[in-house]
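Worksheet for the structure shown next.
Since every read-out is calculated from the coordinates, none of them should be taken as a lab result. These numbers come from a predicted model, not from an experiment. Positions of Cβ are generated from backbone atoms using ideal geometry, with glycine treated the same way; all protein chains shown enter the neighbour counts.
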Amino acid sequence: MKRIWLFFILFGISIPAFAQNLEREITSLEQDFKSFEYKKVLQKGRFLLADTYTSHSDSLVIFQYMLSSAYALNDTSQAKSIILEILKDQPDFSLNPKETSPKIVEFFNLIKKDHIGRPAKTPPKPVGPVENKIQKKVPALILAGSVLLPGSAHYFQGMQTKGISFSAVSAVVISSAVYFSFKTISDREKYMRAKNDASFDKLYNTYNSAYKMRSLSFAAWGLWSLYCLYDFQESNIVQPVYDNQNQALSLQIQYHW
């Protein structure tokens, strides 16, 4: 208990002592300024401002000595930063023209006007399409139909022109594959049933040509199906787009023809 009382007594004594010490430091700062020790004023001023016990009113006094010193040294950059520190702490602060040089007052008011006139920084609004693309869900039956008849998925998803064109090409490729499949079977049977007086070389060449065309037709069908599925995937994109005018997100379906 005695220690607590001792602490409060020492604390009560230290406050007036510190206040008197700070008052002496500010008086010393004023003497340095009057002695044209401007650099010393700037250094000592920073030291005093860094102290947590320096009051708001004392800080303004120190700032003014520092501002006048920086301006006297033609260091307008440092003078401007000091003014901004003052305005940050007290935006409505004004210099007393009776105690401050008219040039410094004019410079202070110019920086203050520029500082007040600056618009507040706002985060930039997103412009253009969002990078993330969203794939529309497509029924499995439509995708399966697109494998058998490439282009049908385009048609059922609303891309009629592309769907009809792709389906027409698909019909030609599929018809070719079916035709040469039956022709291969027919030519093979003719070759296998040929008698001794038949032209085996001619029958074999006919069968071999039909077999090759059947293989090429099925390969073309497979490649065409893969291309149509790829094109359908790229066309069936829902892309979020930021509307600058309405300030809202909208969905935009894009496909390329």
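Length gained on full extension, S165 to H56, computed as 0.36 nm times the residue gap minus the Cα-Cα distance: 31.2 nm.
The label point for N205 and the one for Q90, both projected 7 Å from the Cα toward the Cβ, are 11.0 nm apart. One chain, two ends: V178 and N21. Fully extended at 0.36 nm per residue, the span grows by 45.9 nm beyond their Cα-Cα distance. Can you compute the label reach from L226? Point 7 Å from Cα along the Cβ direction, backbone N cut-off under 18 Å, restricted to segment 164-205. What the label zone holds, given the 18 Å backbone N cut-off, is 170, 173-174. Label-to-label distance for E37 and F156 is 9.2 nm, based on points extended 7 Å past Cα in the beta-carbon direction.
Add +1 for every Lys or Arg and -1 for every Asp or Glu among the other residues with Cβ under 12 Å from the Cβ of Y211, and state the total. With Lys, Arg at +1 and Asp, Glu at -1, the neighbours total +3. Pairs over the 22 Å Cα-Cα cut-off, from the set K183/K212; K39/K98; K39/K103: K39/K98. Straight Cα distances below 15 angstrom link K202 to the aspartates and glutamates D187, E189, with same-chain residues fewer than 8 positions distant left out.
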